[in-house]
Amino acid sequence: YELKLLLNDANPTNQLYAIDQLDRMSLAGRSGDEWAHSDDFKREAVMNGLLPMTTNSNEQVANRALACFPTATNPDKTLEPAVLALIDVANNGPSADRRLNAIGALSGTHFEGISNSLAELLIDTNENARASAVGLLTHYPNAFSEQALRGRSADNSPIVRAVVADVIGSGKLENLLPVLVTLFTDPVGLTNTLQDVQSGGRANIQGDVHTSAGFALLNFDVDQVGGILKSNISDKGFCLSF
């Protein structure tokens, strides 16, 4: 009762506190829930309480609420009461961040409902918005996503290109291996040494495309990328790993 009152408080700090507590004190259906969450409140009741907050005039409050909705357990059924509202935020939210968080909250479901919004975010003028949109493609493995990854692999931002490599690697998207090979030749990070890579070379260069592509290649089975690894065995940063 007190937390619900705080949700409607005029002070955003109190609203953020209530959102965090309600999220932490209910099981969200994600990996590691039993360590980070308790089961004091039913998740459905918490989601019903947080749903109106996703359209809050305060951007931080709205995005914090949206971050509570992603789930790995039966997302279609779990999110059913909130789907229409989340789709509306995804398509009509007042900021790129809010639309991106709403799309992420849908946990890979209802792609048709948010496809136009995701397509727009992929060409947003802000490189971080484009990178975030690319990162969401891993939740929607389909022809649209494959085409989008091909297109964004030539993005003028190394941050975006690096995320493309990450997504191809994490999803083990074999059809996009030629794209990954091209990204591995990207000049950003190309001169990294073995020491650079082992000491976190990717963290030292914003959007280290070459290093992202190298780690992505290592996610694949050797029978898929053996030839690629052999042809790049002399790479300074990945010689030992390959």
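How much net charge surrounds residue 66 when only other residues with a Cβ under 10 Å from its Cβ are counted (Lys, Arg +1; Asp, Glu -1)? Please report the intermediate quantities before stating the final value.
On the way: positive: 64, 98, 99; negative: 97.
That works out to +2.
Given R₀ = 22 Å, FRET efficiency for residue 191-residue 222 by Cβ-Cβ distance, to 0.05?
Details: r = 26 Å, r/R0 = 1.19.
Approximately 0.25, to the nearest 0.05.
Please label the shape of the stretch 1-87 as rounded, prolate or oblate, based on the square roots a ≥ b ≥ c of the eigenvalues of the alpha-carbon gyration tensor (a/c under 1.5 means rounded; beyond that, a/b larger than b/c means prolate, else oblate).
Working: a/c = 1.90, a/b = 1.28, b/c = 1.48.
It comes out oblate by the Cα gyration axes.
Pull up the cross-link candidates among the lysines for residue 77, meaning alpha carbon to alpha carbon under 30 Å and not fewer than 8 places away within one chain.
4, 42, 172
How high is the relative contact order of the stretch 42-169? Use alpha-carbon pairs under 8 Å, at least six apart in sequence, and give a whole percent. The partial results should precede the final answer.
Working: 141 pairs, mean separation 22.3, N = 128.
Contact order relative to length: 17 percent.
Accessible area per residue for the stretch 5-49 in Å², computed with a 1.4 Å probe and the full protein assembly in place, what is it? Intermediate values should be presented prior to the final figure.
Working: 2700 Å² over 45 residues.
Per residue, the stretch 5-49 has an accessible area of 60 Å².
For the stretch 80-146, report the accessible area per residue in Å² (1.4 Å probe, heavy atoms, rounded to an integer).
For the stretch 80-146, the solvent-accessible area averages 44 Å² per residue.
For the chain, what % of the accessible area comes from carbon and sulfur atoms, probe 1.4 Å?
On the way: 6280 of 12250 Å².
Whole-percent figure for carbon plus sulfur exposure: 51.
In percent, what relative contact order does the chain have, based on Cα pairs under 8 Å that are 6 or more apart in sequence?
Details: 330 pairs, mean separation 26.3, N = 242.
11 percent.
Under the rule a/c < 1.5 gives rounded, and otherwise a/b versus b/c splits prolate from oblate, where does the stretch 135-242 land using the Cα gyration tensor? Write out the running numbers ahead of the final one.
Working: a/c = 1.99, a/b = 1.30, b/c = 1.52.
Verdict is oblate for the stretch 135-242.
With the chain treated as a Gaussian network of Cα nodes joined by springs under 10 Å, which of 89, 222, 160 yields the largest mean-square fluctuation?
Checking each option, the largest mean-square fluctuation is seen for 222.
Could you give me the ³J(HN,Hα) list for the stretch 102-113, computed from phi with Karplus coefficients 6.51, -1.76, 1.60 and θ = phi - 60°, whole Hz, x at Gly and Pro?
Going residue by residue, I get 5, 5, x, 5, 6, 6, x, 9, 6, 4, 4, x Hz, with x marking Gly and Pro.
Just need the relative contact order of the stretch 60-119 here, percent rounded to a whole number, with Cα pairs under 8 Å and 6+ apart.
Numbers: 58 pairs, mean separation 23.9, N = 60.
After rounding, I find 40 percent.
Students often get this wrong, so try it: which of (i) 1, 7, 15, 19, 21, 17, 11, 5, 2, 1, 0, 0; (ii) 1, 6, 12, 16, 18, 17, 15, 10, 4, 1, 0; (iii) 1, 7, 13, 14, 15, 13, 12, 10, 8, 4, 2, 1, 0 is P(r) over Cα pairs in 5 Å bins from 0, in percent as calculated from the structure shown?
(iii)
From the phi angles alone, apply the Karplus equation (6.51, -1.76, 1.60; θ = phi - 60°) to the stretch 52-69 and give each ³J(HN,Hα) in whole Hz, x where the residue is Gly or Pro.
So the Karplus estimates, Gly and Pro as x, are x, 6, 5, 10, 4, 5, 8, 4, 5, 5, 4, 5, 5, 5, 4, 5, 8, 8 Hz.
The values are calculated or read from the model by the stated rules, or taken from the named source; none is laboratory data. These numbers come from a predicted model, not from an experiment. Counting neighbours? That spans all protein chains shown, and the Cβs are built from the backbone with ideal geometry, glycine included. Heads up: the accessible areas ignore ligands, DNA and RNA and are worked out on the full protein's heavy atoms, side chains in. Shrake-Rupley method; radii C 1.70, N 1.55, O 1.52, S 1.80 Å.
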